[in-house]
Amino acid sequence: MKWQVKYALENARRESGVISVEHAGGDAIRISVHEQPDVLAVISDAYKMDAELAARYYEQWPEMDFLCGYRKECLWDGSAIAFLEDKTVGWGNYGSLGSAIPKGSARMASHKNYMFPYRLILQQGYVSNVRREFDRVFSLTLSRGRSLRVGMIWEYEPTADAVRSLWDSCGAVDVAWNTNPNGSPAPSAIEAGRQLGCKVLKWDELRPILLKG
């Protein structure tokens, strides 16, 4: 049994409403939940999830409800996200799976660190188009035609390393958006953004920029 499957089994047994958890073979686990349908989750140890890898998992487990990237640093390509959402399969880290299990919403779940800020962007009337490139990066077109590439950083108080890591893994962005509502970027993060050529902003700073177009 692979390490990530072992840890997922142990963690799932502690989730609210879980009756039983069993290894379903390979990278899959089956979770029985009180008053909810069973959840078949595939637990991946990939550092990056692209459409080809997501399709291989789906071919092996077409009945899966959720594809979990267990590694904290797992990066989800937009093509993988689009593939899974088209198949009505949930995706994200283990925390996303754990949150969805008691609600019976595993198939509709997405990465919990980026779900709400991404939905917030989709709800803005002054944004005419959004293209998701990675779980944490999207390109948007504003109503006046201006385009921006935005990266989301979830850390409570992101440092320079968080900003540089975003660039290293996903490429250049115009805005590094600190999406955690309870924190603020450290001065070193703001300075790193300045050196790289981007703004490091909270929502109350980003929204006026989007409004102006």
What distance in nm lies between label points placed 7 Å from Cα along the C-beta direction at K103 and F116? 1.1 nm
From the cross-link list K2/K112; K72/K103; K112/K212; K6/K112; K48/K212, the entries with a Cα-Cα span beyond 32 Å are K48/K212
D45 to T88: FRET efficiency via 1/(1 + (r/R0)^6), r the Cβ-Cβ distance, R0 30 Å, to the nearest 0.05? 0.80
Could you tell me how far the Cα centroid of the range 198-213 sits from the Cα centroid of the range 70-120, in Å? 25 Å
Helix-only mean residue ellipticity at 222 nm, the chain, DSSP H runs n ≥ 4 weighted -39,500 (n - 2.57), per residue, nearest 500. What is it? -10500 deg cm²/dmol
Want the number for N182 to R13: 0.36 nm per residue separation, take away the alpha-carbon distance, what's left? 57.9 nm
With every protein chain left in place and a probe of 1.4 Å, what is the accessible surface of D168, to the nearest 10 Å²? 130 Å²
Accessible surface, per residue, of the chain when the full set of protein chains is kept, probe 1.4 Å, Å²: 49 Å²
Using a 1.4 Å probe, how large is the accessible area of M108, given in Å² and rounded to the nearest 10? 140 Å²
Most to least accessible of K72, K199, K112, K212 (protein chains only, probe 1.4 Å): K72, K212, K199, K112
Compute the distribution of all C-alpha to C-alpha distances in the range 6-53, in bins of 10 Å from 0, and list the percent of pairs in each, rounded to whole numbers. 26, 48, 22, 4
Three-way shape label, the range 26-147, alpha-carbon gyration tensor, a/c 1.5: prolate
Linear extension gain, E157 paired with R56, 0.36 nm per residue minus alpha-carbon span: 32.7 nm
Any idea how far apart S20 and D204 come out in nm if each label point goes 7 Å out from Cα toward Cβ? 5.2 nm
Near-label residues of the range 115-133 by backbone N, under 13 Å of a point 7 Å along Cα→Cβ of D174: 127-131
For a test of the definition: using alpha carbon positions, the gyration tensor, and the 1.5 limit on a/c, classify the range 95-213 as rounded, prolate or oblate. oblate
Using a 1.4 angstrom probe on heavy atoms only, work out the carbon and sulfur share of the accessible area of the chain in %. 48 percent
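The values are calculated or read from the model by the stated rules, or taken from the named source; none is laboratory data. Not measured: the values here are computed from a predicted model. FYI the Cβ positions are ideal-geometry reconstructions off the backbone, even for glycines, and counts take in every protein chain you see. These area figures cover heavy atoms from the full protein model, side chains too; ligands, DNA and RNA do not enter into them. Shrake-Rupley method; radii C 1.70, N 1.55, O 1.52, S 1.80 Å.
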